[in-house]
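What follows is a set of notes on a single structure, which appears directly below.
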Amino acid sequence: VSRAIGAQLSPGDEIIVTRLDHDANISPWLALQEKGVVVKFADFDVEDCTLDLSHLESLITPKTKLVAVGYASNAVGTINPVKEIAAMAHAVGAKIWVDAVHLAPHAPIDVQAIDCDFLMCSPYKFFGPHSGALWGRYKLLDELPAYKVRPAEDVPPHKFELGTGNFEAMAGISAAVNYLADLGETFGAEFANTYRQAGFSGRRLALKQAMSAIAAYERPLLKQMIDGLQAIPGIRIYGITNEALYDRRTPTVAFTKEGVATPDIAKKLGDAGIFVWDGHYYAIEVVKRLGLYENGGMIRVGIAHYNTAAEVDRFLDEMS
Ligand SMILES: Cc1ncc(COP(=O)(O)O)c(C=O)c1O
């Protein structure tokens, strides 16, 4: 799709990406430099790893055609104010492309409410199989040239769905969505009224309840994780640590420990049956900007709705 968007651009047109993003939302846009598109990087604040919105805004010009931004950072967990960024982009007639891959397992997403133009996601992050999902405004998708075989339909979504459908994955994705809806019906009663009043019903309501229940369940585990890590000498957490701002982050925590190499920490935890990742997890701009690229990056540990307080304790025991 980035190539299709690129086909509509001219030399000198500008795209803004951010240093907080996974490379999946940077490299495809950098590839368009080949045809003279200018790519600019919006910076983030290294203190709390939040996007520098005034820097981003200063990069937007009448030549800006697209702002590509992550909904949440897969490295440090920051949730970006995408609605505000959409307004900045739209003010000059640019479009906003949102990478929601990291936010999807942790919070409800509403493309209408954030007023985005495109939003992409990977169903394996919300407990389904490996596949890709793209939402786009129909008119924009309709106008995009698709790389397709001639007999395939000329209208969205079919013109972007190449070859025979991956029906096994679709069945798996439906099962994951059903699973989430079930979670919503089972654990999300307290959120029902708010969403009903906002016009949601049926399975859409159940999914909103599910994602709100997941966010609420994960919140105390995040606090337990951050408080526990901060009590260990030599640990430095990268990202928001102020509890009052937890709604601006996912429960994905990146950290280093003074004097200990990150691969050694990952190995020790792995030996104990605790799966984390060390390095950059494809968020190379984040790790470079933090000055950690040459030094093994950070350890990243993530909480999901199936984790428990006892597991967080076990992780903290291994770390101390
Ligand atoms: C924020 C973000 N964007 C994009 C991707 C890439 O998705 P995929 O693994 O489906 O290529 C990931 C994967 O971790 C991610 O976390």
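The values are calculated or read from the model by the stated rules, or taken from the named source; none is laboratory data. From a predicted model like this one, the values you see are computed outputs, not experimental measurements. FYI the Cβ positions are ideal-geometry reconstructions off the backbone, even for glycines, and counts take in every protein chain you see. For accessibility, only protein heavy atoms count, side chains too; no ligands or nucleic acids. Shrake-Rupley method; radii C 1.70, N 1.55, O 1.52, S 1.80 Å.
Odds and ends about this structure:
- Here the extension length gained between residue 261 and residue 186 equals 22.7 nm, from 0.36 nm per residue of separation less the Cα-Cα distance.
- Using C-alpha pairs under 8 Å with a sequence gap of at least 6, the mean separation divided by the residue count of segment 217-319 gives a relative contact order of 33 percent.
- Per atom type, the chain shows carbon and sulfur on 54% of its accessible surface, probed at 1.4 Å.
- Remark: segment 256-268, residue by residue, has Karplus-estimated 3J(HN,Hα) of 10, 10, 3, x, 10, 5, 4, x, 5, 5, 4, 5, 4 Hz, where x stands for each Gly or Pro and the curve is 6.51 cos²θ - 1.76 cosθ + 1.60 at θ = phi - 60°.
- Global geometry of the chain, whether rounded, prolate or oblate, following the gyration tensor of its Cα atoms and the 1.5 cut on a/c: oblate
- Listed residues 72, 51, 37: farthest to the positive end of the dipole of segment 18-92 (Cβ charges): 37
- Peptides ranked, highest mean first, by Cβ atoms within 10 Å: ranges 214-224, 135-145: 214-224, 135-145
- Spatially proximal lysines relative to residue 63 (Cα-Cα < 18 Å; intrachain offsets below 8 disregarded): 35, 40, 95
- Relative contact order (percent, whole number), segment 31-177, Cα cutoff 8 Å, 6+ residue spacing: 15 percent
- Put a dot 7 Å past the Cα of residue 309, heading toward its Cβ, do the same for residue 58, and the two dots end up 4.6 nm apart.
- Folded to 0 to 90 degrees: helix 167-187 orientation relative to the chain principal axis, Cα: 50 degrees
- Amide H partners (placed H, <5 Å) of residue 95, local residues excluded: 66, 67
- Solvent-accessible surface of segment 217-319, taken per residue with a 1.4 Å probe and all protein chains present: 49 Å².
- Relative contact order for the chain: 17 percent, from Cα pairs under 8 Å spaced at least 6 residues apart, divided by residue count.
- Of the listed residues 315, 160, the order by accessible area with a 1.4 Å probe, largest first, is 160, 315.
- On Cα atoms only, tilt of 82-91 relative to the major axis of the chain in degrees: 30 degrees
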